[in-house]
Amino acid sequence: MFAACAEALEASREALRPGRTVGEVFDAHARTLTKAGYAGHFLNACGYTLGATYPPTWMDWPMLYTGNPQVLAPGMVFFIHMILLNSQTGLSMSLGETSIVTEDGCEPVTHAPRRLVVN
């Protein structure tokens, strides 16, 4: 599950670039997790923007979901999360990071190592 989430996070970050849409970021996430065998085990959104205001919830607009037409532009900041919930096995996995859209892609704000920690 970790490997699938890490691959989906990377695919989402590759789609997080100016001129693309917010929906395309979600679609990259969904394609990757579906290909890994997790269709039906991920959420209908995989992130949201982080703005300068504090809205009534911790999430800002636009959310990352399929079909969202909002065009990405430099300076937008997103928290992207890969969440798998497998009710058949009782297992779950979540991996996420914050990135800023730049002129030619995105730059991670999160600098924690992207690796599975097993105690």
For Gly47, residues with placed amide H under 5 Å, excluding near neighbours: Leu64, His81
Report the label-to-label distance for Ser87 and Glu7 in nanometres (one decimal), using points 7 Å from each Cα along the Cα→Cβ vector. 2.5
Can you tell me, using C-alpha contacts under 8 Å and at least 6 residues apart, the relative contact order of the chain as a whole percent? 30
Running Debye on the chain with equal point scatterers at the Cα sites and no solvent, what base-10 log of I(q)/I(0) appears at q = 0.09, 0.19 Å⁻¹? -0.23, -0.99
What FRET efficiency, computed as 1/(1 + (r/R0)^6) with R0 = 25 Å and r the Cβ-Cβ distance, is obtained for Ala112 and Leu43, rounded to the nearest 0.05? 0.70
Nearest 10 degrees, 0 to 90: helix 22-35 Cα axis against the chain principal axis: 20
Rounded to the nearest 20 Debye, what is the dipole magnitude of region 19-119 about its Cα centre when Lys and Arg each give +1 and Asp and Glu each give -1 at the C-beta? 380
Using 0.36 nm per residue of separation minus the Cα-Cα distance, give me the extension gain between Arg20 and Thr98 in nm, one decimal. 26.3 nm
Find the accessible area per residue for region 58-119; the probe is 1.4 Å, ligands and nucleic acids are left out, and the unit is Å². 63
How large a share of the accessible area of the chain, in percent, is made up of carbon and sulfur atoms when the probe is 1.4 Å and the other protein chains stay in place? 57
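The values are calculated or read from the model by the stated rules, or taken from the named source; none is laboratory data. Only a predicted model underlies this, so the values are computations on that prediction, with no experimental measurement involved. FYI the Cβ positions are ideal-geometry reconstructions off the backbone, even for glycines, and counts take in every protein chain you see. Please note that ligands, DNA and RNA were not included when accessible areas were found on the heavy atoms of the full protein model with its side chains. Shrake-Rupley method; radii C 1.70, N 1.55, O 1.52, S 1.80 Å.
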